[in-house]
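See below for the structure under consideration.
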Amino acid sequence: MKTLACMAAAATLLALASPASAQFAKPEDAIKYRQSAMFVMGTHFGRIGAMANGKAPYDAKVAETSAAVVADMSKLPWAGFVAGTETGGNTKAKPEIWTEQAKFKENNEKLMAQTPKLAAAAKTGDLAALKIAFSATAEACKACHDDFRNK
Ligand code: HEC
């Protein structure tokens, strides 16, 4: 019994210790993963932006659904920025992501702190509140793109 428990504990430790890259079969998959997450997030964020900027009629339900998607998706791209994926595919990632990891992390944490506020604002059904939360979130996107994404 004791040995079994020990082995189970060791297996858990091993699983925790394996590198994030183990989640992806090949580097291109990690790149595709982070780009896809960004793409879905960007699509829904764009829908909110169109309403915030008066380019589409305000639909509180669409805003709420899209903001919830943005909040969920904003947690995902980061796992795709694993070591060994600095180049490859058609990535626009800048090498600074890997040389200034603390700063990159700060940027993605800022976004993850902002998106629940966007979701909360969308829930109120108040367009003015949505506009404010949209521009604050857009700033978080832009700050990171300016420093860490190639044009
Ligand atoms: C912490 C940094 C960071 C933040 C914050 C961030 N992005 Fe990105 N984004 C990137 C990087 C880096 C890429 C390039 C990824 C690649 O090509 O490998 C990217 C790529 C994209 C793409 C292109 C995806 C594709 O199809 O290749 C879109 C769209 C996008 N981001 C939208 C957004 C939106 C919208 C937000 C805010 C809600 C946001 N991003 C916030 C770093 C960030």
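The values are calculated or read from the model by the stated rules, or taken from the named source; none is laboratory data. Quantities reported herein were computed from a predicted structural model and do not represent experimental measurements. Cβ coordinates were reconstructed from backbone atoms using ideal geometry, including for glycine residues, and neighbour counts include every protein chain displayed. Note: accessible area is taken over every heavy atom of the protein model, side chains too, but ligands, DNA and RNA are not part of it. Shrake-Rupley method; radii C 1.70, N 1.55, O 1.52, S 1.80 Å.
Give me the aspartates and glutamates in straight-line cross-link reach of residue 110: C-alpha distance below 20 Å, same-chain residues under 8 apart excluded.
72, 96, 100, 139, 146, 147
Can you give me the orientation-averaged projected area of the convex hull built on the Cα atoms of the stretch 17-80, in nm²? Don't skip to the answer; put the middle values down first.
Details: hull surface 19.5 nm².
It is 4.9 nm².
Expressed as cubic angstrom per residue, what is the convex hull volume of the alpha carbon set of the chain? If you can, show how the numbers build up before the last one.
Numbers: hull volume 21.5 nm³, N = 151.
Convex hull volume per residue, Cα atoms: 142 Å³.
On the full set of protein chains, 1.4 Å probe, figure out the accessible area of residue 112 and give it in Å² to the nearest 10.
Roll a 1.4 Å probe over it and residue 112 shows about 60 Å².
Filter the GluC sites (Glu not before Pro) in the stretch 66-151 down to the DSSP loop ones having no more than 15 other Cβ atoms within 10 Å, then list what survives. Numbers along the way, then the final one.
Values: sites: 86, 96, 100, 106, 109, 139; in loops: 86, 100.
Counting only loop positions with at most 15 other Cβ atoms within 10 Å, the GluC sites (Glu not before Pro) in the stretch 66-151 are 100.
Run the accessible area of the stretch 77-142 with a 1.4 Å probe and give the carbon-and-sulfur part as a rounded percent. All intermediate terms of the calculation are to be shown ahead of the outcome.
Values: 2070 of 3590 Å².
Carbon and sulfur atoms account for 58 percent of the accessible area of the stretch 77-142.
Length gain on complete extension for the stretch residue 90 to residue 36, per 0.36 nm per residue less the alpha carbon to alpha carbon distance? Before the final figure, lay out each step's value.
Details: separation 54, 0.36 × 54 = 19.44 nm, distance 1.24 nm.
Going from the current span to full extension adds 18.2 nm.
What are the membrane-span-like helices in the chain by this rule: whole DSSP H runs, Cα extent along the axis at least 20 Å, mean Kyte-Doolittle hydropathy at least 1.0? Write down the numbers at each step before the final one.
Numbers: long enough: 2-17 (22 Å, 1.68); 27-52 (37 Å, -0.02); 101-124 (35 Å, -0.85); 127-148 (31 Å, 0.56).
Membrane-span-like by this rule: 2-17.
Note down the accessible area of residue 74, probe 1.4 Å, to the nearest 10 Å².
For residue 74, the solvent-accessible surface is approximately 0 Å².
Could you provide, to the nearest whole Å², the per residue accessible area of the chain with probe 1.4 Å? Present the calculation step by step, with values, prior to reporting the outcome.
On the way: 9190 Å² over 151 residues.
I get 61 Å² per residue for the chain.
Report, ordered by chain and residue number, the lysines lying within cross-link reach of residue 117, taken as a straight Cα distance under 27 Å and ignoring same-chain residues fewer than 8 apart.
Once the sequence-local lysines are set aside, what remains near residue 117 is 55, 61, 75, 103, 105, 131, 142.
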